[in-house]
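The values are calculated or read from the model by the stated rules, or taken from the named source; none is laboratory data. Nothing here was measured: the structure is a model prediction, and the numbers come from that model. Ideal geometry is used to build each Cβ from the backbone, glycine not excepted, and the neighbour counts take in all protein chains shown.
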């Protein structure tokens with residue numbers, strides 16, 4: 001079905017333009033230009049984007065979408081609701097450390113996802129997880145993950161071997177950087193900030209410094225996950241200036257909350273690494289604006305389905321925040337609407353840079369001819385209250401429930417297929433496709 005998106009303000013070549021987007025029956029963009037009214041009759045489907053922005057679909061490069069209580073179908077539906085058209089799955093330990101494990105998992109994703117998808121290899125916690133990583137890289141994964149604070153922790157030998165693997169294969173090593181030696185064994189669960197105090201910022205900064213020094217020596221591409229500390233951002237900037245091939249991400253919760261917010265929002269904010277101090281929030285916003293931090297991810301994780309009228313304790317609650325359906329609208333409201341970042345940075349960190357970093361830019365991340373028609377029709381002026389969207393929504397687990405936001409996803413298209421129409425998911429299971437790294 002050929003589609004025309006008309007009357008919108010389209011993000012093209014770094015600016016908004018009053019043009020139309022033409023999409024062919026194969027889901028590719030054929031032109032970005034103004035269409036004569038008479039010619040519009042040639043299209044099977046016409047989407048009126050009056051008063052809206054037409055933006056490249058978001059790419060979430062770090063989401064646990066078939067882990068814990070989450071599923072590929074429901075997780076990808078949440079992504080589409082939030083304007084994300086490609087999700088990079090972060091698998092559980094060992095699952096995607098072999099080509100056969102990866103293929104099995106991606107087959108399951110292909111039967112369920114409504115958005116496009118890829119995966120990281122791993123998760124690596126021991127030497128055996130690296131033995132077939134070269135073959136895993138050839139399967140087209142986006143990167144491979146190392147989780148330092150595993151039990152037992154990742155050893156320096158495993159870390160060095162992983163970095164050498166990244167250097168040899170060119171596959172970016174994605175790392176959860178926390179040095180276990182800096183974590184407190186005993187946690188004061190009666191104190192709302194006890195969990196945060198037991199995982200101090202030095203755990204992240206010390207681990208990051210070690211990773212970056214090794215990466216510099218080996219010439220390896222590395223990616224620092226969910227940066228929570230301003231000092232970590234400084235280290236990334238410093239080592240990048242020395243020539244280290246390092247990229248980085250952060251999440252909405254690290255931009256919006258500090259550790260004192262545990263007293264108000266409780267365990268709904270529990271994640272690893274934990275929330276930091278107000279000064280870290282300021283430094284992270286600046287790093288995001290300056291390009292030191294490249295992208296935003298949700299780090300979506302849901303350990304258990306929420307029970308009605310039950311609020312888990314800090315000790316009970318899994319360390320993770322579900323947020324696929326809300327991360328991009330949150331960033332727009334708090335970043336663009338409040339003047340912390342421009343629309344150009346918003347598009348860069350949600351679509352363009354993740355496509356470039358993880359090798360999808362041959363078909364994703366921009367609105368231009370021959371690219372996939374992954375598009376979001378976004379109303380920048382609509383105000384709405386965060387709440388449960390559909391049965392599969394995770395909003396009731398979020399600290400954002402009840403927040404009033406300005407800017408809402410009205411439609412989400414994946415390769416020209418309308419997945420979210422502003423009210424419901426209308427695409428069938430299995431609409432999504434595996435997208436290989438270039």
- Task: Return yes or no: is residue 367 more than 14 Å from the chain's Cα centre (by Cα), more than 14 Å from residue 59 (Cβ to Cβ), modelled with pLDDT of 95 or more and not in a helix (DSSP H, G or I)?
- Result: no
- Name, by its number, the condition in (1) under 22 Å from residue 61 (Cα atoms); (2) out of contact with any strand residue (DSSP E or B) (no Cβ under 7 Å at 6 or more places or on another chain) that does not hold for residue 225. (2)
- Query: Given 387, 432, 359, which one is farther than 30 Å from residue 262 by Cβ and either without any contact (Cβ under 8 Å) to a residue 40 or more places away in the chain or surrounded by 23 or more Cβ atoms within 10 Å (Cβ to Cβ) (or both)?
  - Reply: 432
- Item | Extreme residue, surrounded by the fewest Cβ atoms within 10 Å (Cβ to Cβ), among residues of segment 234-255 that are part of a helix (DSSP H, G or I) and more than 18 Å from the chain's Cα centre (by Cα) | 241
- Looking at (1) surrounded by fewer than 18 Cβ atoms within 10 Å (Cβ to Cβ); (2) out of contact with any strand residue (DSSP E or B) (no Cβ under 9 Å at 6 or more places or on another chain), which is the only condition residue 73 fails? (1)
- Task: May I ask you to verify whether residue 370 is out of contact with any helix residue (DSSP H, G or I) (no Cβ under 6 Å at 6 or more places or on another chain), surrounded by fewer than 18 Cβ atoms within 10 Å (Cβ to Cβ) and closer than 30 Å to residue 121 by Cβ?
- Result: yes
- Note on the structure: residue 407 vs (1) under 20 Å from residue 27 (Cα atoms); (2) touching a helix residue (DSSP H, G or I) at 6+ places or on another chain (Cβ under 7 Å): all pass except (1)
- Item | Condition met for residue 229 (crowded, with 22+ Cβ neighbours inside 10 Å, at pLDDT 95 or above and either under 27 Å from residue 359 (Cα atoms) or touching a helix residue (DSSP H, G or I) at 6+ places or on another chain (Cβ under 9 Å) (or both)) | yes
- Filter segment 271-284 down to residues that are surrounded by fewer than 22 Cβ atoms within 10 Å (Cβ to Cβ), part of a helix (DSSP H, G or I) and touching a residue at least 24 places away in the same chain (Cβ under 8 Å), then give me how many there are. 4
- Query: In this structure, does residue 335 turn out to be over 22 Å from residue 71 (Cβ atoms), modelled with pLDDT of 95 or more, under 14 Å from the mean Cα position of the chain (by Cα) and buried (at least 21 other Cβ atoms within 10 Å of the Cβ)?
  - Reply: no
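Hey, does segment 310-328 have a residue that's in contact with a strand residue (DSSP E or B) (Cβ under 7 Å, 6 or more places away or on another chain), under 24 Å from residue 114 (Cα atoms), surrounded by fewer than 24 Cβ atoms within 10 Å (Cβ to Cβ) and at pLDDT 95 or above? So that I can check it myself, show each step before the final result.
Going residue by residue through segment 310-328, those that are in contact with a strand residue (DSSP E or B) (Cβ under 7 Å, 6 or more places away or on another chain) are 322-324, 327-328.
Checking the rest, the ones that are also under 24 Å from residue 114 (Cα atoms) come to 322-324, 327-328.
Cutting the leftovers down to surrounded by fewer than 24 Cβ atoms within 10 Å (Cβ to Cβ) gives us none.
Looking through segment 310-328, none of the residues is in contact with a strand residue (DSSP E or B) (Cβ under 7 Å, 6 or more places away or on another chain), under 24 Å from residue 114 (Cα atoms), surrounded by fewer than 24 Cβ atoms within 10 Å (Cβ to Cβ) and at pLDDT 95 or above.
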- Which condition breaks for residue 268 when tested against (1) modelled with pLDDT under 95; (2) over 20 Å from residue 198 (Cβ atoms); (3) part of a helix (DSSP H, G or I)? (2)
- Mind listing just one residue for me: the one in segment 343-356 that is touching a helix residue (DSSP H, G or I) at 6+ places or on another chain (Cβ under 7 Å) and more than 25 Å from residue 70 (Cβ to Cβ) and, of those, surrounded by the most Cβ atoms within 10 Å (Cβ to Cβ)? 346
- Message: Quick check on residue 158: is it touching a residue at least 12 places away in the same chain (Cβ under 8 Å), surrounded by fewer than 21 Cβ atoms within 10 Å (Cβ to Cβ), in a helix (DSSP H, G or I) and touching a strand residue (DSSP E or B) at 6+ places or on another chain (Cβ under 8 Å)?
- Response: yes
- Task: Enumerate the strands (runs of 3 or more DSSP E) found wholly within segment 5-65, keeping only those where 3 or more residues are in contact with a helix residue (DSSP H, G or I) (Cβ under 7 Å, 6 or more places away or on another chain) and modelled with pLDDT of 95 or more.
- Result: 58-63
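Which of the residues belonging to segment 170-200 are assigned to a helix (DSSP H, G or I) and either surrounded by fewer than 20 Cβ atoms within 10 Å (Cβ to Cβ) or modelled with pLDDT under 95 (or both)?
Start the filter on segment 170-200 by keeping residues that are assigned to a helix (DSSP H, G or I), which leaves 180-182, 194-198.
Across segment 170-200, the qualifying residues are 180, 181, 182, 194, 197, 198.
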- In the set 287, 267, the lone residue that is without any contact (Cβ under 8 Å) to a residue 60 or more places away in the chain and out of contact with any strand residue (DSSP E or B) (no Cβ under 7 Å at 6 or more places or on another chain) is 267
- Note on the structure: Going through (1) closer than 25 Å to residue 77 by Cβ; (2) not in a loop (DSSP other than H, G, I, E, B) one by one, residue 298 fails only at (2)
